[in-house]
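Beneath this line is the structure, given in structure tokens, with notes to follow.
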Amino acid sequence: MDYYQAVVIDYLRADRAIFLNTECCIQLEDKENPDDCDPHWYCDAVALDFRNTMIFLCEISFAEKLESMAKRLRAWTDNWQNIRQALERDSKVSSLKGWELRPWLFVPKETIPLLLKRLDKMKGSDGHLVFRPRITPLECTQPWLYRSWNHRDEDTNKPDSIPVAMRF
């Protein structure tokens, strides 16, 4: 785990309605060893948001070009339905039917325009993404910007470059 992952994990944990599984393995095939099957991913965190009835696949990057994140999002785009099924099977989220599954992306503020361009290239023929990502600038996760005992990911401090639908 790199430094910023720990900062974001603390940020997420400070919201008492969110429960986390960090470094969660998501494997599409039902095999005992994920290294024996592809595709599989170690998601930085899977967050269950009980306030908003959402399951978030949290990915954190401070890379300048976001290449690894874009590669993962492309793979998730190709396998989105199977990812939900894998989570239901392995993480037992089948009791959360009706909950929306979304990526929650944490990136530096200055890389958000690049992230939006990369997401735009992942749209299907209908002009839509298969998922609705949520974007939070890493700068908003600094511990002095929120109450550590009870906070919510508010729309404050998020740049206007993030479309409203991707703020919450």
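Miscellaneous remarks
- Residue tally, condition basic (Lys, Arg) and under 13 Å from Lys109 (Cα atoms), over segment 128-166: 1
- Within segment 10-25, residues that are touching a residue at least 40 places away in the same chain (Cβ under 8 Å) and surrounded by fewer than 13 Cβ atoms within 10 Å (Cβ to Cβ) sit with their Cβ atoms under 6 Å from residues that are outside any helix (DSSP H, G or I) and among the polar types (S, T, N, Q), at 6+ positions apart or across chains, in these pairs: Arg16/Asn150.
- Of residues in segment 8-50 being of a type in the set (A, V, I, L, M, F, W, C) and outside any strand (DSSP E or B), the one nearest to Ser148 (Cα to Cα): Ala14
- Cβ-Cβ under 6 Å pairs, at least 6 apart or on other chains, segment 87-116 side farther than 16 Å from Pro133 by Cβ, far side among the small types (Gly, Ala, Ser) and surrounded by fewer than 13 Cβ atoms within 10 Å (Cβ to Cβ): Glu88/Ser94
- Of all residues in segment 119-131, those that are without any contact (Cβ under 8 Å) to a residue 40 or more places away in the chain and within 21 Å of Lys71 (Cβ to Cβ) have Cβ atoms under 7 Å from Cβ atoms of residues that are aliphatic (A, V, I, L, M) and surrounded by 17 or more Cβ atoms within 10 Å (Cβ to Cβ), 6 or more apart or on another chain, in Lys123/Leu129.
- The lone exception for Leu73 - which of (1) at pLDDT 90 or above; (2) at positive phi; (3) not aromatic (Phe, Trp, Tyr) it fails: (2)
- The set of residues from segment 125-168 being over 18 Å from the mean Cα position of the chain (by Cα), at pLDDT 85 or above and among the charged types (D, E, K, R) comprises just one member, Asp126.
- Hits in segment 59-90 - residues which are in contact with a helix residue (DSSP H, G or I) (Cβ under 8 Å, 6 or more places away or on another chain), surrounded by 14 or more Cβ atoms within 10 Å (Cβ to Cβ) and within 26 Å of Val7 (Cβ to Cβ): Glu59, Ile60, Ser61, Phe62, Leu66, Met69, Ala70, Leu73, Trp76, Ile83, Leu87
- Taken as a whole, segment 88-103 holds at least one residue that is acidic (Asp, Glu) and farther than 25 Å from His151 by Cβ.
- Identity of the residue in segment 40-58, touching a Leu at 6+ places or on another chain (Cβ under 8 Å) and within 10 Å of Gln5 (Cβ to Cβ), that ends up surrounded by the fewest Cβ atoms within 10 Å (Cβ to Cβ): Ala45
- Residue within segment 58-78 that is hydrophobic (A, V, I, L, M, F, W, C) and closer than 19 Å to Arg13 by Cα present: yes
- Meets criteria (exposed (fewer than 15 other Cβ atoms within 10 Å of the Cβ), in contact (Cβ under 8 Å) with a residue 60 or more places away in the chain and over 22 Å from Trp41 (Cα atoms)) for Trp144: no
The values are calculated or read from the model by the stated rules, or taken from the named source; none is laboratory data. This structure is a prediction, so every number in the text was calculated from the model and none was measured. Cβ atoms come from the backbone with ideal geometry, glycine included; neighbour counts cover every protein chain shown.
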